[in-house]
Structure formats: structure tokens, C-alpha cells
Amino acid sequence: MAYDTIVEDGIDVLVVGAGLGGTGAAFEARYWGPNKKIVIAEKANIDRSGAVAQGLYAINCYMGTRWGENNPEDHVRYARIDLMGMVREDLLFDMARHVDSAVHQFEEWGLPLMRNPKTGAYQREGRWQIMIHGESYKPIVAEAAKKSADKVFNRICVTHLLMDETKENRVAGAVGFNVRTGNYHVFKSKTVIVAAGGASNIYKPRSVGEGAGRVWYAPWSSGSAYGLLIQAGAKMTQMENRIVLARFKDGYGPVGAYFLHLKTYTQNGYGEEYESKWFPALQEMVGKEYLDPEASHRTHRPIPTCLRNHAFISEVNAGRGPIRMVTMEAFQDPHLEEIGWHNFLGMTVGQAVLWAATDVDPKYENPELTTSEPYVMGSHATGCGAWCSGPEDVSPPEYFWGYNRMTTVEGLFGAGDAVGGTPHAFSSGSFTEGRLAAKAACKYIDDGKAEGINVSDAQIEKRKKQIYKPLETYRIYRNEIVAGTVNPHYINPRQGLDRLQKLMDEYAGGVTVSYVTNDKLLNIGLHKLKLLDEDWENGIAAENIHELLRAWELKHRILTSEAVLQHTLFREETRWPGYYYRGDFMKLDDKNWHVLTVSRRDPETGEYTMEKAPLYHIVDDEEDGGKKAKEKEKAK
Amino acid sequence: MPTFVYMTRCDGCGHCVDICPSDIMHIDEVNRRAYNIEPNMCWECYSCVKACPHHAIDVRGYADFAPLGHSVRVRRDEEKGVIAWRIIFRNGKKDWDLLAPITTKPWGSAIPNLKSVPAPSQEQRDSQLLYNEPKYIRLDDGGLHTLESNGLKMKEGVYY
Ligand SMILES: Cc1cc2nc3c(=O)[nH]c(=O)nc-3n(C[C@H](O)[C@H](O)[C@H](O)COP(=O)(O)OP(=O)(O)OC[C@H]3O[C@@H](n4cnc5c(N)ncnc54)[C@H](O)[C@@H]3O)c2cc1C
Ligand code: SF4
Ligand code: SF4
């Protein structure tokens with residue numbers, strides 16, 4: 001196979017994956033590194049790549065300190081209760097104190113942010129969300145990244161990171177192949193910021209056949225952020241914390257604006273309120289500290305997303321489905337009706353298509369909801385990702401090793417879904433994290449930490465062989481059979497993906513088992529995954545470059561799944577009922593598990609080691625729930 | 001829902017191939033026109049539909065749950081800075097036009113080029129501030145929030 005090797009040398013900051021995190025990184029890196037060489041390697045086209053490809057109708061993370069709305073610590077407390085206590089509060093505080101500056105820039109760049117006509121402030125959808133006309137959100141931030149970067153390589157699927165051979169555990173760049181030409185691309189770089197997004201399609205989706213692409217997170221979210229980092233030996237955290245979404249049925253249209261702005265609510269199939277009746281038993285599982293409906297009612301303290309899922313799932317399992325969203329009241333107001341539709345057109349067009357196809361007019365009918373298959377990601381209401389250093393002025397010693405958002409591999413940074421323990425960052429927070437990582441990466445270089453990096457030709461050649469092996473496998477064995485896809489020597493990427501989804505679904509708590517698993521199931525899952533990985537290594541076949549892309553996406557999904565299984569097995573409690581249940585430990589257990597889980601996969605042996613990391617919380621001087629700090633802020 | 005391409009409208013220009021985030025719009029070698037090679041990896045994101053200069057791409061709801069006979073079409077115009085949608089129900093009862101802005105500035109004009117702004121000082125480098133901060137955080141004279149300024153501490157343990 002005569003594919004060229006194209007080497008891009010002397011890079012200072014390499015951004016792998018330019019979605020929201022990556023565009024923020026590329027943009028900001030230019031400011032701190034006016035003379036630095038900044039390069040983007042992206043598997044699609046940065047104008048429409050990543051989870052925001054079709055746009056968004058809301059920016060879900062905005063403090064509004066400018067209007068006196070919230071302080072960063074308010075957001076930390078919110079994310080903490082929503083995630084049942086388990087967040088990296090240093091990283092969240094840091095993101096939250098910067099996020100408004102990103103949003104204000106978006107407005108300046110031309111992103112249409114809606115304003116509240118009465119107050120002049122941004123139109124709130126909820127306490128943290130502001131409403132936008134965000135169809136062009138992604139092309140706009142891509143423009144900013146393009147202006148800053150020296151070079152943008154679109155259509156490069158990055159498969160591996162390069163490692164320095166002078167100093168152990170230091171990154172030295174990345175490699176991949178061009179999805180169009182097939183050429184082998186080598187990026188030698190002093191620092192790498194991985195922002196390659198979260199993972200869909202790890203669990204068997206509810207949709208089948210032609211509709212299998214209708215997943216909540218984009219089907220191209222291949223878990224590459226995790227696959228790349230895990231392969232390089234970076235420590236990961238909270239990989240068990242996969243998320244299940246309650247969404248409109250089949251189309252997975254978003255519900256945020258419906259609940260928060262349109263004030264719609266849910267009912268069971270018989271028109272009854274159902275949530276509250278599940279709460280007493282649930283309170284016994286998780287404790288009053290995490291679920292106290294009365295206090296929530298009084299103080300507007302949110303009921304954690306997973307616990308609301310739990311009520312939903314329990315009601316459906318009790319035979320009283322479907323759960324419906326009551327839209328018929330709100331939609332009588334033409335203005336609200338229009339918002340309801342715009343909301344889909346701006347970010348999940350498929351839901352509008354589905355309602356048009358099935359004649360569902362939410363003005364006259366309350367649409368069905370469902371709970372999705374699980375997703376592995378770290379910027380929505382969940383916090384999977386790499387174990388990263390926080391900022392110097394906030395982080396306790398266990399969370400700080402020199403450079404903000406640097407993983408446990410030197411010179412290797414993360415942003416967005418790649419960074420663990422930082423839920424509720426969303427689009428704006430991911431962009432902000434990219435900016436933070438970029439500043440830190442420039443500092444790392446300026447501090448002389450990237451001196452003397454060396455990558456041997458042997459390493460580059462070894463990766464090249466690995467990358468193209470699926471094409472080779474196909475070529476060798478294809479002609480042993482007449483035609484078709486059934487071959488005793490190989491499987492194709494789709495067949496591998498189907499196997500992965502089935503095993504994750506059945507052994508790691510997917511939809512068909514109502515999100516329940518236990519140690520026995522997880523161990524079988526790990527065993528079967530190992531066999532799948534062996535089949536991948538020895539017998540994944542790609543007929544063409546497009547299939548080669550799918551093969552490597554599958555590899556990254558397999559690596560991500562292994563981490564999910566290992567973490568889920570390690571945490572012996574049910575921390576997030578409604579996201580998943582450990583059938584053998586059905587209670588939340590703060591005595592033993594008020595900790596973050598941290599893993600490392602040895603890149604040489606593939607062995608996993610698991611550890612517990614302490615949880616630090618932001619507390620006020622008097623532990624008064626923030627009252628005093630608020631007064632102080634007001635007094636200023 | 002998965003895309004398809006009208007034979008008579010497509011001229012094989014490749015814009016859709018260039019933009020599809022899922023890499024599934026490809027040019028058919030026989031017809032020299034585009035088609036969706038992997039409908040079950042289509043997110044119905046409409047990126048290709050919006051990018052096609054000849055409006056040759058449309059969407060037909062996924063066969064496994066969407067009945068035939070509906071239509072959701074779109075025109076996106078960067079010059080005018082708007083996007084126009086038309087939704088038609090299967091039973092024809094709803095036929096709706098919806099319009100939304102996509103930008104408030106002439107396309108691409110307001111995005112700064114950081115290559116040409118003054119380089120940051122050492123003091124800024126040593127601080128926690130990002131580009132345009134602290135000004136852009138609150139658009140007043142306020143500084144960056146810190147644990148200290150907000151009267152906070154980080155403590156290990158169980159706090160709710
Ligand atoms: C349906 C939906 C609705 C949402 N609604 C909102 C909302 O209303 N408000 C809000 O603020 N947020 C919302 N979000 C969340 C937001 O989109 C994410 O938080 C954010 O995009 C995460 O940023 P990221 O950079 O980590 O990942 P992404 O933006 O997904 O970027 C990942 C990038 O990496 C690239 N990539 C992947 N693999 C590779 C590889 N191997 N090599 C090279 N490049 C690669 C991808 O092509 C992509 O460009 C929503 C998300 C979804 C899916
Ligand atoms: S963009 Fe339109 S005209 Fe061009 S190849 Fe695609 S479908 Fe054909
Ligand atoms: S709708 Fe999106 S995913 Fe589907 S073919 Fe078009 S660009 Fe690709």
C-alpha cells in the first residue's frame with residue numbers, strides 16, 4: 001500500500017479534535033504564543049464537526065456575574081448536588097470563573113444571543129442556561145480557531161499519540177491518517193491538547209436498522225478523547241459515571257427549554273404525576289443529604305438528574321408508561337409554540353422531522369419521552385474523563401501538578417469531554433477549558449519543559465504498520481470467499497461495533513437490562529471485551545479508507561468501554577441510581593465511596609490499576625451555604 | 001433522518017462530501033453524483049443539506065420509525081445572516097415557515113485575529129487571566145474570582 005508519509009515538524013501546540021474544546025484551545029493559544037506553531041488535526045471539517053455540528057439553541061453554562069446573577073461557587077454547588085457529590089470542584093470553579101468571558105466574546109463575534117426585553121440581560125432559559133440562535137455556533141467558533149492556527153488539517157483521524165523517547169511519560173505529538181487520501185500523517189509537537197470528544201454508540205442504541213444513527217450524542221463521537229489518552233497511559237477518572245438522558249422518544253430532541261422555559265412537565269401514561277411517589281424509597285437508597293424533596297421545594301435546590309431518571313425508569317417498569325411531556329398547555333401560546341419548534345431546528349432537526357412524519361403536533365398531543373441508552377462523556381450532566389491538574393490558586397496538592405488541565409502525562413492536556421470530573425461545562429465551558437489548557441501548554445513550553453523531545457523513526461514506522469493493518473487483513477483474506485461479509489478470518493467494523501454494543505448493553509447496564517449490572521456481569525463483560533479486542537487486533541478488516549476510519553473509531557470505543565467496565569466494577573455502590581445500578585450494592589455508600597475513582601492502564605501490558613482519590617469540597621468560612629460570601633460580594 | 005440526493009439536481013460538486021461530519025456523503029463512481037453511503041451513521045444534522053448549492057439533498061425519516069410523506073427543508077444564507085425552515089406534516093395539516101438569525105454581524109467580520117494583538121506581559125502570563133480578561137468577565141472593573149475573594153476554602157471530606 002503506497003500511502004505517503006507526511007510529517008509536520010516543529011509544532012508547539014497540537015490540537016487534536018477541534019469541536020468546542022479544540023476551537024477554544026487553538027484560538028487562545030495564539031495569544032499566549034504569538035510566535036508558536038499551532039496546528040489542528042481534526043477528523044472531520046472544523047466548520048461542522050463535533051457535538052455542535054448542527055447548532056445549539058442554548059448556551060447551558062453562563063454565570064451572569066455581570067448581571068449579578070450567580071457566582072462561580074454557586075455553579076460548583078449545583079454541579080456537585082446534581083452529580084451526587086462527585087465532582088472536581090477546583091476545575092469547575094476555575095471553568096465557571098472564566099466562562100462568561102467566552103460567552104461575551106461569542107456575542108461580539110456575531111452569535112445571536114437573545115436578550116430579555118425587560119431587563120436587557122441575556123434571556124435565561126434556566127438558572128445556568130441562556131437562549132441563543134445557535135445554528136452557526138460551530139462555524140463561528142471555527143472561524144476564530146482558523147484565524148489563530150498556523151495550519152488546520154481537516155479529515156485526519158488521529159489514532160495514537162506519539163511519546164517522547166528522551167523522557168518517560170512525556171508526549172511528543174500524534175499520528176493518524178487522512179480520511180480522503182489515505183496518507184499517513186505525523187505531527188511532532190511539544191504539547192498536545194486532546195479535545196476529541198465523548199462517546200456515543202458504546203451501548204446498544206434503542207433505535208435499530210436505518211435509524212441506528214439517531215443517537216443522542218453524535219454518532220461520530222467515537223470516544224477518541226478517551227481512547228487516545230488511555231493508550232498513552234494517562235490516568236482517567238469517573239469513567240463509571242456514564243449518563244442516561246430523558247429525551248423525546250425516538251428523535252432524542254432536547255428537553256431543557258421545554259422544562260425550564262416553556263414550563264412543560266411530565267406525566268405517566270394515565271395522566272398522573274409519578275415522580276414524588278418514588279422518592280421515599282429512593283431517599284432510603286441515597287440518603288436525605290442527596291434527596292430531600294421538601295428542601296428542594298423550599299430552596300429550589302435541584303433534584304439530581306439521575307434521581308429523576310430513576311423515577312421515570314421505575315414508573316415505566318411498573319407498567320404505567322409511556323411517560324409524556326405535557327406540552328398542550330404551553331403550546332397554546334403561539335410564541336412558546338414557535339420556541340418549542342425552533343429549539344429542535346436549532347439543535348436536533350431529526351425530532352422535527354419525526355413529529356412531521358408522525359403528525360405529532362404538541363399543541364394537541366403530549367409527546368412521548370424515553371430514557372436513552374448510556375453515553376460516556378464529560379461535559380453534560382456527567383463527568384467522565386482524564387485526571388487533570390487544576391489551577392495553582394485553587395487546587396489542593398492532590399489535584400495540582402504544575403499545569404492547568406494537564407493530564408498525568410507530561411505535555412498532554414485535555415479540554416471538554418476529555419477532562420474528567422467537570423460536568424455541566426457544556427459548550428461554553430468546554431470552549432473555556434480549551435482556552436485554559438492552551439495558556440498552560442504555552443507556559444509549559446516557555447518554562448523549558450518540552451526541551452529535547454525525541455521521536456524515533458522506529459516509533460513512527462511501528463504506528464504506520466498498525467494503522468493500515470485492517471486494510472492488509474482485508475486484502476489477504478477477502479478472496480478466500482466468493483462475496484459478502486462473512487469471513488472466517490475477519491470481522492468488519494460494523495460487526496465489531498454491534499458486538500461491542502451488545503456486550504456493553506447486557507453486562508454493563510444498558511437499556512435492555514434496565515441499567516442494572518453487578519460484579520459477576522461486569523467480569524463476564526471484561527472477558528468478552530478482551531476477546532473482542534483480540535479480534536480487533538488480529539482480524540479487523542477494512543475494505544477501504546472509510547472503513548479504516550470506522551475501524552479506528554471502534555478501537556477508541558473499545559478502549560473507552562474497558563475503562564467504563566473497570567471503573568464500574570471498582571466502585572462498589574450505587575452512586576447514581578437512574579444512570580446505573582450495581583445490583584450487588586444497591587445503596588449509596590458515603591463511608592467508603594465518597595471519593596473519586598482513578599484508573600491507569602499500563603500502555604505496555606494493558607493491565608489496569610485502580611485507586612481512590614480524595615474529594616475536596618468548596619466550603620464557606622462558616623459553612624453557611626454561601627450566605628456570607630454572597631453578602632460580601634454584594635457589599636463590593 | 002438519513003439524507004438522499006436527487007439525481008437530476010446534483011452536479012457532483014462535492015460540497016456535501018467536504019462537510020459531512022460522519023464522512024458518509026460520497027461521490028458515486030458510476031453516476032458521478034453524491035449519495036449517503038451509510039444511512040445508519042447519519043445524525044440528520046443537515047450540515048450537507050445546508051451546504052449543497054443546488055438544494056439537491058433532502059431527508060427522508062428513518063425507515064424504522066418515521067412514516068413516509070413529510071418534509072423538513074431548509075435554506076441557509078450567510079450573506080443575509082438567516083436560516084429559513086419549512087416543515088410539512090404527513091397529513092398536510094401543518095405547513096410552517098420558521099426563520100431565525102444565524103449571525104448579527106457581516107459573516108466572519110467580527111472575529112479578532114490574535115496574531116495582530118499586542119503580546120501579553122509577563123505579569124499577565126503569571127496570572128490566572130485569559131485573553132481579554134478580567135474586562136470580559138463582567139465588562140466592568142471587577143477582577144477574577146478566587147477562593148479568597150469569595151470567602152471560600154477547599155476542604156477534604158464529606159460536605160453537602
Ligand atoms: C444533542 C445535544 C445537545 C446539546 N445541547 C447543548 C446546549 O443546549 N447547550 C450547551 O451549551 N451544550 C449542549 N451540548 C453539549 C456540547 O455540545 C458539548 O458539551 C461540547 O460540544 C463538548 O465539547 P468537546 O470539545 O469536548 O467535544 P466536541 O465538540 O464533540 O468535539 C470533538 C471534536 O473531536 C473530533 N474528533 C473526534 N475523534 C477524533 C479523532 N480520532 N481524530 C481527530 N479528531 C477527532 C470531532 O470531529 C470533533 O470535532 C449538547 C450536545 C448534544 C449532542
Ligand atoms: S453538494 Fe449537492 S450538488 Fe454538490 S455533490 Fe453534494 S449533493 Fe451534489
Ligand atoms: S445529515 Fe449530517 S450526518 Fe447525515 S449525511 Fe448530511 S452531513 Fe452527514
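Bear in mind that the values in this text are calculations on the coordinates, not laboratory data. Small disclaimer: the values here were computed from a predicted structure and weren't measured. Don't worry about glycine lacking a Cβ; one is built from the backbone with ideal geometry, like all the others, and counts go over all protein chains shown.
Quick notes
- Neighbour counts of other Cβ atoms within 10 Å put A:Ile46, A:Ile467, A:Ile524 in the fewest-to-most order A:Ile524, A:Ile467, A:Ile46.
- Orphan Cys of the protein assembly as shown, criterion: no other Cys C-beta under 4.7 Å: A:Cys61, A:Cys157, A:Cys306, A:Cys384, A:Cys388, A:Cys442, B:Cys10, B:Cys13, B:Cys20, B:Cys42, B:Cys45, B:Cys52
- For chain A, the relative contact order is 20 percent, taking Cα pairs closer than 8 Å that sit 6 or more residues apart in sequence and dividing their mean separation by the residue count.
- Positive-end residue, segment A:242-294 charge dipole about Cα centroid, Cβ charges, pick of A:Leu282, A:Gly251, A:Thr264: A:Gly251
- Under a model in which nothing but the beta-carbon of Lys, Arg (+1) and Asp, Glu (-1) is charged, the protein assembly as shown shows a dipole of about 1080 debye around its Cα centre.
- Per-residue Cβ neighbour rank within 10 angstrom, fewest leading, A:Arg582, A:Arg247: A:Arg247, A:Arg582
- Among the listed pairs A:Lys37/A:Lys469; A:Lys43/A:Lys151; A:Lys151/B:Lys80; A:Lys43/A:Lys555, those beyond 20 Å (Cα-Cα): A:Lys37/A:Lys469; A:Lys151/B:Lys80
- Projecting the Cα atoms of A:Ala225, A:Ser200, A:His185 onto the charge dipole of segment A:155-256, computed from C-beta unit charges around the Cα centre, puts A:Ser200 farthest toward the positive end.
- Computed log10 I(q)/I(0) for the protein assembly as shown at 0.05, 0.07, 0.08 Å⁻¹: -0.23, -0.46, -0.62, from the Debye equation with unit scatterers placed on every C-alpha and solvent omitted.
- Selected from B:Pro120, B:Pro21, B:Pro53 as most flexible by GNM, with chain B as the system and alpha-carbon contacts under 10 Å: B:Pro120
- Dipole axis of chain A (+1 Lys, Arg; -1 Asp, Glu on Cβ), positive-most option in A:Val409, A:Phe27, A:Tyr507: A:Phe27
- Electrostatic dipole magnitude of segment A:246-371 [Cβ: Lys, Arg +1; Asp, Glu -1; Cα centre; debye, to 20]: 320 debye
- 3J(HN,Hα) along segment A:206-223, derived from phi through the Karplus expression 6.51 cos²θ - 1.76 cosθ + 1.60 where θ = phi - 60°, amounts to 5, 6, 10, x, 4, x, 4, x, 7, 10, 5, 6, 4, x, 8, 6, 9, x Hz, with x in place of Gly and Pro.
- Convex hull volume per residue for segment A:194-307, taking Cα atoms only, in Å³: 176 Å³
- Computed over segment A:351-488, the quotient of the alpha carbon radius of gyration and 2.2 N^0.38 Å is 1.66.
- Amide H to amide H, with H built 1.01 Å from N, A:Leu83 comes under 5 Å of no residue 5 or more places away or on another chain.
- According to the Cα-based calculation, Rg over Rh for segment A:246-371 is 1.00, with Rh computed by the Kirkwood formula.
- Taking 20 Å as the straight-line reach from the Cα of A:Lys277, the lysines in range (excluding those fewer than 8 positions away in the same chain) are A:Lys288, A:Lys587.
- Cut-off under 5 Å, modelled amide H: who pairs with A:Thr159 long-range: A:Val175, A:Gly176, A:Phe177
- Among A:Cys306, A:Cys388, a tally of other beta-carbon atoms within 10 Å of each Cβ gives an order, fewest to most, of A:Cys306, A:Cys388.
- Calculated P(r) tail over 22 Å for segment A:298-414, as whole % of Cα pairs: 61 percent
- Point-charge dipole on Cβ atoms (K/R +1, D/E -1) for segment A:534-583, about Cα centre, debye to 20: 340 debye
- Take the convex hull of the alpha carbons in segment B:60-158; its mean projected area over all directions comes to 14.9 nm².
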